[in-house]
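Input: a single structure, listed below in structure tokens.
None of the figures in this text is laboratory data; all of them are computed from the coordinates on show. All values reported here derive from a predicted model rather than from experimental measurement. Note: ideal-geometry Cβ built from the backbone for every residue, glycine included; neighbour counts use all protein chains shown.
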Amino acid sequence: MTAPVLAVRDLKTYFVTPAGTARAVDGVSWDLHPGETLAVVGESGCGKTVTSLSVLRLVPEPPGHVLPGSLIEFEGRNLLTLSAPELRAIRGNRIAMVFQEPTAALNPVFTVGEQIAEVARVHLGVSRRAARALAVDLLNQVGVPDAARRAGEYPHQLSGGTCQRVMIAMALVCHPQVLIADEPTTALDVTVQAQILELLARKQAELGMAVLLITHDLGIVAGTADRVVVMYAGQVVETAATGDLFAHPLHPYTAGLLASVPRLDGARGRLRGIPGAVPPATAWPVGCRFHPRCPHAWDKCRTEEPPLLDGPAPGQSARCWLVSEPERRKPA
Amino acid sequence: MSALVRVEGLVKHYPARRGWLTPGRAEVVRAVDGVSFDIAAGRTLALVGETGCGKTTVGRTLLRLVEPTAGRFTFDGVDVFGLGREPMRALRRRMQVIFQDPSGSLNPRMTVGDAIAEPLIIHRLATRAERPARVAELLAEVGLDASFAPRYPHELSGGQRQRVGIARALSVRPELLICDEPVTALDVSVQAQVLNLLRDLQQAHRLTYLFIAHDLAVVRNVADDVAVMYAGQIVERAPVDRLYGAPRHPYTRALLSAVPVPDPGAARNRIVLSGDVPSPLSPPAGCRFHPRCPHPLKSERCAREVPELRDFGGGQQAACHFGEQPM
């Protein structure tokens, strides 16, 4: 396999809160390879967004801080030790980001054309006129009709779907190596979501960029990702190729998530779901963090925290004692 | 089978604000433009559609949280829109609502117990002495123990708050529950719990649901019948299996094809619609879907002639000139 374009090792991002230290991201590692789509899935509070913000050092400090010993390696350098100017040269240039709320992420007092052009002026150093032409060209490429006119409009004049296209155009200005897309379609209607996913896939193929897709939607993961990282309680609990994950989930949390989703092609009726709720980040359970909600848990799970254990499929591993003691798995 | 809920020709137009920058003729926002449906007692009708299609406004007008512009709503034989203030208050006991955002719909300064007891006080359904027991009973019914009564909404998770919202709605023993995106704000594992709860409660109390949602997979799981809305109108209505199995309207088809399926091996024949939902200020003439319609038979007739909802048998109705030859 080729070397990863972005490697995260033992990332720990903690927040100081009145209720104590919240270990939002607590020892996360993964590799993103050139050209692939890696999905990070999980529910609210699992740490998936904090992970992506940590990569670009966008975590507000204080109350947050990335712990020493964490490593985020991009093009042979640890992003966590770079100076602010060095980081600025990478952010929005080599690594770009698309956020969930496009209307909130755009500046309301500049036209969308000016905002795209600004990226080109800062990172590519092109003239005002060239930047403006590039903005219109990019709007065209991301499928905004009547791009020249639209470039002169403000975010509030555009629909949510068009704003997300603008965000993608901004992210693509410098042909990034890595695109981090944090819930890029969550705020959008399903028909618009389909348009945006199509657009992202097309641009990814054209530019050969790697995409880190942060999402809670397993349907989107199934349709777009090459590999998946499942997060729970600040940790990676399972990682696998997309096909393996959906066909044979190793971790009971992954299996529970899959059983919770109502589907167009499945049986109707009661959903299996997962009992209970995610614990607060200030008080993760001892032992396996999922044990209070796990149907298989036994004594060992309540005291000993499992490491990521390799499963039968290549590249699939899960943070669960069942991997080494499969006979303890109860039938569904 | 007589319908508990009968809605005929419901219309809600809002006057568009005219400022000094936009003088001229007063315009209207056609939020809901002639919507009709029935729901039999004990059944679930889902109203689905995308942002701005008018589905939430339908729910609000039925409860008269906003006054309708035209149309008729008969609830168990009573003409709801013709009721005066007092009889309307009394009727509201029989029609309750669950909102999308449980944190926005609970008073942050009221304990869970007080929030659930409030409707009992307003409708004089329990004496002061009876209330704590009734509150505990309602909490148990939604899967929470009595220790939740003295807590405040901020101490609860999203799923727990939604359970409190449901307990509060149930406290007055309603017959109709209008659920407006009740699981949209919840994580999938919690969403499954709340959907199961709604299912159990419906069976236990023979509740009738108007389930307003945008998620077609969720709707398939809960609904008996489905009505698809587009730009203020119903474009297709059918029992759930027919709507998902043999949709007649091209919009229904596109909507279904756009739902991501959590199966990497699934065939993806996504119909990607171009453009956006039309402005409710000036919906297109003829069929409101025609500018985005991917149907190969689309003709100039679609731009000229408004398609009526036509019957296709088996309880299925669709408003498409080419409903006989679905895509």
Taking every other residue with Cβ under 12 Å from the Cβ of B:Gln96 and scoring Lys and Arg +1, Asp and Glu -1, one gets +3
Roughly how tilted is helix A:160-172, in degrees to the nearest 10 and between 0 and 90, from the longest Cα axis of chain A? 80
In whole angstrom, how long is each semi-axis of the equivalent ellipsoid of chain B, when you take the square root of 5 times every eigenvalue of its Cα gyration tensor and sort them from largest down? 36, 23, 19
Semi-axis lengths (Å, descending) of the ellipsoid that matches the C-alpha gyration tensor of the stretch B:186-327: 29, 18, 15
The stretch A:1-104, relative contact order in percent, only Cα pairs under 8 angstrom and at least six apart counted: 30
Compute the relative contact order of the stretch A:232-328 as a whole-number percentage, counting only Cα pairs closer than 8 Å that sit 6 or more residues apart in sequence. 33
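Cβ under 10 Å from A:Val5's Cβ, A:Val5 left aside: what net charge do those residues give with Lys, Arg +1 and Asp, Glu -1? Could you put the intermediate results ahead of the total?
Numbers: positive: A:Arg94; negative: A:Asp31, A:Glu36, A:Glu73, A:Glu75.
So the environment of A:Val5 carries a net charge of -3.
Volume per residue, Å³, of the convex hull around the alpha-carbon atoms of the stretch A:47-146?
Working: hull volume 14.4 nm³, N = 100.
In the stretch A:47-146, the Cα convex hull volume per residue is 144 Å³.
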What aspartates and glutamates sit close enough to B:Lys298 to cross-link, taking a C-alpha to C-alpha distance under 19 Å and skipping anything fewer than 8 places away on the same chain? B:Glu236, B:Asp276, B:Glu308, B:Glu324
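Considering every Cα-Cα pair within the stretch A:270-318, what fraction, in whole percent, is farther apart than 14 Å?
Numbers: 719 of 1176 pairs.
The answer is 61 percent, as a whole percent.
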Please report, to two decimal places, log10 I(q)/I(0) for the protein assembly as shown at q = 0.07, 0.09, 0.10 Å⁻¹ as given by the Debye formula with identical point scatterers on the Cα atoms and no solvent. -0.51, -0.86, -1.06
Relative contact order %, the stretch A:261-313, counting alpha carbon pairs below 8 Å whose residues are six or more apart: 26
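Calculate, in whole percent, how much of the Cα-Cα pair population of the stretch A:1-95 lies beyond 18 Å. Present the calculation step by step, with values, prior to reporting the outcome.
Values: 2040 of 4465 pairs.
Percentage above 18 Å: 46.
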What's the average, rounded to a whole number, of partner chain beta-carbon atoms within 10 Å of each residue's beta-carbon in B:179-191? 5
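Calculate the tail of P(r) for the stretch A:232-328: the fraction of all Cα-Cα distances greater than 20 Å, expressed in %.
39
What average number of partner chain Cβ atoms lie no more than 10 Å from the Cβ of the residues making up B:251-258?
Values: counts 1, 0, 0, 3, 4, 2, 4, 8.
Mean number of neighbouring Cβ atoms from other chains: 3.
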10 Å Cβ neighbours from other chains, averaged over peptide B:273-279: 4
For the stretch A:6-225, what does the equivalent ellipsoid look like in terms of its semi-axes, each the square root of 5 times an eigenvalue of the Cα gyration tensor, given largest first in whole Å? 29, 20, 17
Rounded tilt (10° steps) of A:190-207 against the dominant C-alpha axis of chain A: 80
Those lysines that a straight Cα-Cα span of less than 19 Å connects to B:Lys12, excepting residues fewer than 8 apart in one chain: B:Lys55
Determine which lysines satisfy two conditions relative to A:Lys330: a Cα distance under 19 Å, and not lying fewer than 8 residues away in the same chain. A:Lys300
